[in-house]
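A quick write-up on the structure given underneath.
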Amino acid sequence: MTASEPGSSVLLLDDEPAIVAALQRSLRAHWPRAIQPLRLQSFTDAHAALGHLLTHPVDVVVCDYRMPAMDGIDFLRRVRSLQPDAGRVLLTGTPDLAAVLRAVNEAGAERVLLKPWQHLELVDVLVRSRADSRQRRSEAARADAWRVAQGELDAAEAERRRSSVPEVITIQPYLPSSIAEDLP
């Protein structure tokens with residue numbers, strides 16, 4: 001997903017299929033024509049959604065707060081590390097100030113919306129989040145172009161950054177040499 005690519009890409013995550021379906025209906029019915037097509041990727045499993053985000057850039061991620069495998073704040077924290085420019089919105093059925101603060105401070109959520117949401121408010125939040133996401137990507141591309149011009153960044157690396165999600169780095173756990181020597 002680049003800053004100039006037409007349309008909008010939104011990932012939806014809620015462990016309840018009925019909520020995901022309601023979000024889809026709401027967005028399809030009210031999404032502005034000027035930023036069509038709307039590409040929705042919908043999930044009821046946080047791990048499947050994270051797997052998708054490894055290879056598919058999105059403009060905005062919307063997720064529920066209370067889910068069985070991981071809560072929405074942990075999910076958004078992981079989204080932030082995978083796709084730092086993507087907008088992050090948390091949905092919650094319980095207005096919990098501590099959770100709201102964690103969502104903003106720890107996961108970089110731009111907004112927290114209460115269920116049941118107002119259709120036009122949801123669309124407005126996501127349209128603004130999409131614009132902010134694309135602005136961040138555009139600024140990063142301009143900064144990379146400047147670094148290439150200054151000889152501080154290779155042109156191929158700048159293109160890789162622009163056309164893909166960040167590389168995932170596997171970190172091996174540290175084992176003291178005394179333990180590592182005993183392993184087969």
### Task
Answer yes or no as to whether ALA22 is surrounded by 16 or more Cβ atoms within 10 Å (Cβ to Cβ) and out of contact with any helix residue (DSSP H, G or I) (no Cβ under 7 Å at 6 or more places or on another chain).
yes
Within the stretch 44-80, restricting to residues that are over 18 Å from ARG111 (Cβ atoms) and in contact (Cβ under 8 Å) with a residue 60 or more places away in the chain, the one that is farthest from the chain's Cα centre (by Cα) is THR55
Q. Within the stretch 81-92, is even one residue over 18 Å from the mean Cα position of the chain (by Cα) and either free of Cβ contacts under 8 Å to residues at least 24 places away in the same chain or not in a helix (DSSP H, G or I) (or both)?
A. no
Scanning the stretch 24-40 for residues that are free of Cβ contacts under 8 Å to residues at least 24 places away in the same chain and small (Gly, Ala, Ser) gives ALA34
Residue set ALA131, ALA143, ALA107; condition touching a strand residue (DSSP E or B) at 6+ places or on another chain (Cβ under 8 Å) and either free of Cβ contacts under 8 Å to residues at least 12 places away in the same chain or crowded, with 19+ Cβ neighbours inside 10 Å (or both); output residue ALA107
Checked the stretch 1-31 for anything in contact with a strand residue (DSSP E or B) (Cβ under 9 Å, 6 or more places away or on another chain), assigned to a loop (DSSP other than H, G, I, E, B) and either at pLDDT below 95 or aromatic (Phe, Trp, Tyr) (or both); matches are MET1, GLY7, TRP31
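The values are calculated or read from the model by the stated rules, or taken from the named source; none is laboratory data. None of these values were measured; they are calculated from a predicted model. Don't worry about glycine lacking a Cβ; one is built from the backbone with ideal geometry, like all the others, and counts go over all protein chains shown.
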